[in-house]
Amino acid sequence: MLGALAIRSQRPFAAAATVGRAMRFSQRRLYTSKGGQVLEATEANFEKDVLESPVPTIVDFYADWCGPCKMLGPIIEKAVKKDGRVNLAKVNVDENLTLASDYKITSLPTVVGFRNGEPVAAFVGMRPPAAVEEFIQSIATGTEK
């Protein structure tokens with residue numbers, strides 16, 4: 001009888017672990033299908049989280065030592081969360097040299113809008129909040145210049 005109790009008591013934990021894995025997987029899928037999210041992109045996840053994303057994605061190429069990057073970062077994050085139709089992927093160029101090279105990043109900050117896996121618009125340097133919001137709106141609606 002003790003053996004039967006032990007088996008029964010283990011099943012709820014196994015089921016909870018399975019449910020937990022399913023919830024983490026579904027939360028991950030929700031991330032890619034919902035706008036307004038901010039993530040740190042790396043060479044390992046860039047393809048999946050940016051190029052394969054069904055949601056238009058703004059990529060902020062930055063460095064920790066870059067003064068204008070430190071000023072622009074919070075402005076972009078706030079605007080992306082407010083708009084809710086695009087995601088933001090932040091790429092630290094010092095840690096992801098291949099990505100910086102692939103996209104020919106020569107000045108910081110560089111912000112690139114991606115839709116359907118392709119870069120569609122970009123700007124370099126600090127921008128006021130209104131210009132950042134206009135850029136994000138253009139990427140969200142497909143009206144970039």
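Quick notes on this one:
- Phi angles across the range 123-132 convert, under the Karplus curve 6.51 cos²θ - 1.76 cosθ + 1.60 with θ = phi - 60°, into 3J(HN,Hα) values of 8, 10, x, 5, 9, x, x, 5, 5, 5 Hz, Gly and Pro given as x.
- For the range 67-145, diffusion coefficient by Stokes-Einstein and Kirkwood Rh (Cα), 37 °C, 0.692 mPa s, µm²/s: 253
- Placed amide H near VAL38: partners under 5 Å, 5+ positions off or other chain: LEU88
- A cut-off under 15 angstrom between Cβ atoms defines the neighbours of VAL93, and their net charge, with Lys, Arg +1 and Asp, Glu -1, is -4.
- A cut-off under 13 angstrom between Cβ atoms defines the neighbours of VAL111, and their net charge, with Lys, Arg +1 and Asp, Glu -1, is -3.
- Karplus (6.51, -1.76, 1.60) ³J(HN,Hα), θ = phi - 60°, over the range 90-106, in Hz, Gly and Pro reported as x: 9, 10, 7, 5, 5, 9, 9, 4, 5, 4, 4, 5, 4, 9, 6, 7, 10
- Difference of contour (0.36 nm per residue) and Cα-Cα distance, VAL38 to LYS70: 10.0 nm
- Taking a straight line from the alpha carbon of LYS81, these lysines sit under 18 Å away, with near neighbours fewer than eight places off in the same chain left out: LYS34, LYS70, LYS90.
Any read-out appearing in this document is the output of simple, stated calculations on the displayed coordinates, not a laboratory observation. Predicted, not measured: the structure shown is a model, and the values here were computed from it. Cβ coordinates were reconstructed from backbone atoms using ideal geometry, including for glycine residues, and neighbour counts include every protein chain displayed.
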